[in-house]
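Data first, discussion second: the structure below is written as structure tokens.
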């Protein structure tokens, strides 16, 4: 009777243990995705410097948008006219390339979160619920096997003296691991085991064991800078990605605007080609009338007709190129190829009527601003410091490894043990570490070359953008004067033809020159607008608003702002 009562109590305890393990297994965040999102954007918000840009439109597509994020349908406006501000907002919200950059920023912060977790208290727990059955024919067992059974009995809980026995064994454990900034590793565990013999006899019961182990490096790996190196680098990588993302937003805005301006230029070519064709057709009618009265030779009628056909071909080609430019813009904006809309021609008309203000930017000021404020230059500068720190970390691995290890173990049966002492690893074989150290030295030289190369590239980009701005401004001025001259020349030739004092060829040439000059003037105006944006982008003076549009540099006189972007390199020098 007592055995049955004990068995029933054992089953109850076993069920309680299993239930407790199931409850613990169900513990944790109710939504792992939301928890990860919250932690990631907390990290990004802490590392985001307002100097980098407006904190907007940086959250990935499957999270709750921020208060300043653009939220709009992936469709053209109801008016059917796609303005430049709407196109930039649409591209920011739906461009696949923009979404990819946001994903990269998220992953960099996610990697940092994982590295931070290595220095947090890491809990673990679990258990087991095992059933054992020992059935053996003792009459046929060799004598030597009985000794083996006796040795295994203490481990399994199954009785060797009672070969036909059953057992239910439960075990549970809980503890934590922790890595300290000093390099010390701490681990504690509390384990509980209980065994109940269902049939036969057993001598095991409830037993709890507490163990703790701590290992503290004394030489290699004892410097907090070495221990925290992975965390430091992960923070740097996320900072670099924030800068890269903000730099991308500026290049992206300029790229979308450039595509939009190209479409405007293509549309204006259609208007110019159509006007050219209409002028040729009108001239053909006039020449036919003049030929009837003998003021123009009849062979000139066929000549004008051929030019009319060539002008019609120009219209066809211009329309085809416009459709191609429109499709490229749709791809950039993330719109379906079937989307139908009109471009905002009013923007081009306004540019042609008023032009663009010429930025008064000295080349030296523009270069100095770019070197001081370019976000990619800040990344290259900090990468040199990262390479220097990597050498220090690699050199530390060449040292002797001496650790102080302490372990404590005790159970509820009164057993306990303490082990304390040093663990030594002499630097007798450090070929792999030597390999890494030498690679770190080479990497530092590479980072320095990368920085110098990047600085020269920035200088070249700014010089090219500045020269292109001046060139397009001068060429647009020349084209504007040539356009006025071509219009006057066509008017004069038309009057002379009316009175039979000029051939139709003279009028045809004047029309063709007017057509070419008008296209050149529009092209230079568009190129001037793009060159202005390129210069602001290359000098980091352009800022992107939450709606996707850009802002030019603040008004600080004729030059550009040259306040340097903060980098770790500058901060380190200031500290010294």
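When each of 321, 310, 286 is tested for being free of Cβ contacts under 8 Å to residues at least 60 places away in the same chain and farther than 14 Å from residue 515 by Cα, the lone residue that passes is 321.
Got a sec? Which of 394, 443, 406, 366 is in the same structural domain as residue 234 (by TED's automatic domain parsing), more than 14 Å from residue 539 (Cβ to Cβ) and in contact (Cβ under 8 Å) with a residue 24 or more places away in the chain? Walk me through it before giving the result.
Numbers: 394 fails: in the same structural domain as residue 234 (by TED's automatic domain parsing); 406 fails: in the same structural domain as residue 234 (by TED's automatic domain parsing); 366 fails: more than 14 Å from residue 539 (Cβ to Cβ).
Going through 394, 443, 406, 366 in turn, just one is in the same structural domain as residue 234 (by TED's automatic domain parsing), more than 14 Å from residue 539 (Cβ to Cβ) and in contact (Cβ under 8 Å) with a residue 24 or more places away in the chain: 443.
Condition check ((1) surrounded by 15 or more Cβ atoms within 10 Å (Cβ to Cβ); (2) within 29 Å of residue 521 (Cβ to Cβ); (3) not assigned by TED's automatic domain parsing to the domain that holds residue 279) across all residues:
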position: 448; (1), (2), (3): yes, no, no
position: 469; (1), (2), (3): yes, yes, no
position: 473; (1), (2), (3): yes, yes, no
position: 478; (1), (2), (3): no, yes, no
position: 486; (1), (2), (3): yes, yes, no
position: 502; (1), (2), (3): yes, yes, no
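Against the test of being modelled with pLDDT of 80 or more and in a loop (DSSP other than H, G, I, E, B), the options 548, 482 yield a single qualifying residue, 548. The one condition from (1) in contact with a strand residue (DSSP E or B) (Cβ under 9 Å, 6 or more places away or on another chain); (2) surrounded by 11 or more Cβ atoms within 10 Å (Cβ to Cβ) that residue 387 does not meet is (1). The residues listed here are 533, 525; of these, the one that is surrounded by 23 or more Cβ atoms within 10 Å (Cβ to Cβ) and under 28 Å from residue 269 (Cα atoms) is 525.
Please find, within the range 84-123, the residue that is nearest to residue 332 (Cα to Cα) out of those that are part of a loop (DSSP other than H, G, I, E, B) and touching a strand residue (DSSP E or B) at 6+ places or on another chain (Cβ under 9 Å).
Initial filter on the range 84-123 (part of a loop (DSSP other than H, G, I, E, B)): 95, 118-121.
So of that shortlist, the ones also touching a strand residue (DSSP E or B) at 6+ places or on another chain (Cβ under 9 Å) come out as 118-121.
Numbers: 118: 41, 119: 43, 120: 43, 121: 46 Å.
Per the stated criteria, the residue is 118.
Yes or no, residue by residue, for (1) closer than 30 Å to residue 184 by Cβ; (2) at pLDDT below 95; (3) not in a loop (DSSP other than H, G, I, E, B):
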residue	(1), (2), (3)
313	no, yes, yes
327	no, yes, yes
337	no, yes, no
347	no, yes, yes
351	no, yes, yes
356	no, yes, no
359	no, yes, no
422	yes, yes, yes
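Looking only at residues of the range 217-261 that are buried (at least 17 other Cβ atoms within 10 Å of the Cβ) and in contact with a strand residue (DSSP E or B) (Cβ under 7 Å, 6 or more places away or on another chain), we find that the one that is farthest from residue 395 (Cα to Cα) is 253. The conditions of being farther than 30 Å from residue 48 by Cβ, over 32 Å from the mean Cα position of the chain (by Cα) and outside any strand (DSSP E or B) are not met by residue 410.
The values are calculated or read from the model by the stated rules, or taken from the named source; none is laboratory data. Predicted, not measured: the structure shown is a model, and the values here were computed from it. Neighbour counts are summed over all protein chains in view; Cβ atoms, including those assigned to glycine, are modelled from backbone coordinates with ideal geometry.
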